[in-house]
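Working notes for the structure below.
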Amino acid sequence: MAKKSILNKESMTFLENYLNNASPTGYESEGQKIWMDYLKPYVDEFITDTYGTAVGVINPDADFKVVIEGHSDEISWYVNYITDDGQIYVIRNGGSDHQIAPSKRVNIHTKKGIVPGVFGWPAIHTRKGGTKEQPAKLDNISIDVGCSTKDEVLALGVHVGCVITYPDTFTILNKNKFVCRALDNRMGGFMIAEVARLLKENNETLPFGLYVTNSVQEEIGLRGAEMITQRIKPNVAIVTDVCHDTTTPMIDKKVEGDSKIGDGPVISYAPAIQNNLREHIIETAEKNKIPFQRHASSRATGTDTDAFAYSNGGVASALISLPLRYMHTTVEMVHQDDVENVIKLIYETLLTIKNGETFSYFD
């Protein structure tokens with residue numbers, strides 16, 4: 001008998017709309033509106049802050065507060081310099097990869113609307129000869145919007161500071177591989193929204209306040225999480241983000257660890273991870289026969305977990321990651337089974353957390 005999918009038609013429609021909408025760091029608000037509109041039936045109220053983090057709250061009057069969190073922003077580019085002949089040079093907004101840029105289509109976001117363009121690249125015929133071939137670098141990739149002068153570019157509404165995203169949209173490969181730009185970490189926002197949906201549909205009553213948090217500005221230093229944790233002042237935080245599938249070519253497992261899409265959520269080990277909370281999550285996975293993998297970080301997880309853990313005098317925090325192929329490209333890939341198992345693991349963990357639980361090492 002085939003297992004019943006956690007995701008339904010409405011879930012998938014939301015996911016596709018949410019992914020296809022651009023949500024670059026610093027400009028997440030339109031994506032947040034889509035997210036809140038979907039989440040509205042499943043929460044009691046919303047919190048939003050000055051920079052755009054959105055939080056759906058269940059049991060807002062409860063003293064004990066648990067956060068489940070993902071981040072809403074995607075990597076992008078800024079217009080940095082426009083040449084006299086109309087070429088546009090860029091700087092990063094987050095960890096954008098210059099090596100994938102050549103020949104990519106782009107959307108430049110302006111007050112007049114989207115201006116389409118392309119990252120041009122010299123033809124292979126012109127790159128032959130005695131000199132060593134130039135790789136793509138930040139200082140030699142540029143965008144062509146079909147203009148021959150700077151004034152033409154400016155007339156389109158493009159100016160220094162305009163943000164640039166890729167237009168690549170959601171697709172499914174081989175029935176169960178989700179592919180899109182910005183799965184890092186729009187999938188996190190999607191998965192925590194699905195947890196809230198399941199709690200509502202299953203009539204589960206939690207003994208604490210649940211703060212379903214979609215933070216902004218993670219890609220430039222966990223900034224949204226830093227802000228919202230001071231606002232919420234949670235007791236516990238369970239963060240979900242993506243991590244690397246290390247089974248693809250050119251990745252050294254001795255350096256990056258051993259994780260694979262389809263093999264389950266990845267549970268992290270790091271100084272910021274509260275050990276008792278992590279073990280509680282592992283026990284929950286084992287009890288519910290949810291497959292999982294393990295990953296060790298060194299000094300930091302590099303995710304919003306670090307911001308929550310070290311805030312407010314210390315917040316018991318853990319990280320459940322979704323394994324992903326081709327991070328920070330336009331063809332990021334995850335497995336539907338992993339998506340559903342992350343949702344299930346967070347959901348089942350919430351059902352086992354007691355009101356007032358400290359996860360203390362000394363009790």
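Points to keep in mind about this one:
- Some residue of the stretch 251-264 being within 29 Å of Asn59 (Cα to Cα), buried (at least 21 other Cβ atoms within 10 Å of the Cβ) and in contact with a helix residue (DSSP H, G or I) (Cβ under 8 Å, 6 or more places away or on another chain): no
- Hey, Thr171 over 19 Å from the mean Cα position of the chain (by Cα) and open to solvent by 40 Å² or more (accessible area, probe 1.4 Å) or not: no
- For the stretch 311-343, the candidate set comprises residues that are among the hydrophobic types (A, V, I, L, M, F, W, C), outside any strand (DSSP E or B) and within 18 Å of Thr246 (Cα to Cα); within that set, the residue that is least open to solvent (accessible area, probe 1.4 Å) is Val339.
- Lone unmet requirement of (1) over 15 Å from Tyr78 (Cα atoms); (2) open to solvent by less than 40 Å² (accessible area, probe 1.4 Å) for Lys150: (2)
- Of everything listed in (1) over 17 Å from Cys180 (Cβ atoms); (2) acidic (Asp, Glu); (3) open to solvent by 20 Å² or more (accessible area, probe 1.4 Å); (4) within 23 Å of the chain's Cα centre (by Cα), the single unmet condition for Glu30 is (1).
- In the stretch 33-63, the residues that are surrounded by fewer than 15 Cβ atoms within 10 Å (Cβ to Cβ), assigned to a helix (DSSP H, G or I) and over 17 Å from the mean Cα position of the chain (by Cα): Asp37, Lys40, Pro41
- Hits in the stretch 198-250 (condition: over 16 Å from the mean Cα position of the chain (by Cα), buried (at least 16 other Cβ atoms within 10 Å of the Cβ) and either outside any helix (DSSP H, G or I) or of a type in the set (S, T, N, Q) (or both)): Leu206, Phe208, Gly209, Leu210, Tyr211, Thr229, Pro234, Asn235, Val236, Ala237, Thr246
- In the stretch 119-159, residue farthest from Gly264 (Cα to Cα) [restricted to those that are among the β-branched types (Val, Ile, Thr) and touching a Phe, Trp or Tyr at 6+ places or on another chain (Cβ under 7 Å)]: Ile143
- Scanning the stretch 293-308 for residues that are open to solvent by 50 Å² or more (accessible area, probe 1.4 Å) and aliphatic (A, V, I, L, M) yields Ala296, Ala300.
- Of note, Ala272 satisfies the criterion of being crowded, with 19+ Cβ neighbours inside 10 Å and on the phi < 0 side of the Ramachandran plot.
The values are calculated or read from the model by the stated rules, or taken from the named source; none is laboratory data. Fair warning: this is a prediction, and the values are worked out from it, not measured in the lab. Ideal geometry is used to build each Cβ from the backbone, glycine not excepted, and the neighbour counts take in all protein chains shown. To get the accessible areas, we keep the full protein, side chains included, count just its heavy atoms, and leave off ligands, DNA and RNA. Shrake-Rupley method; radii C 1.70, N 1.55, O 1.52, S 1.80 Å.
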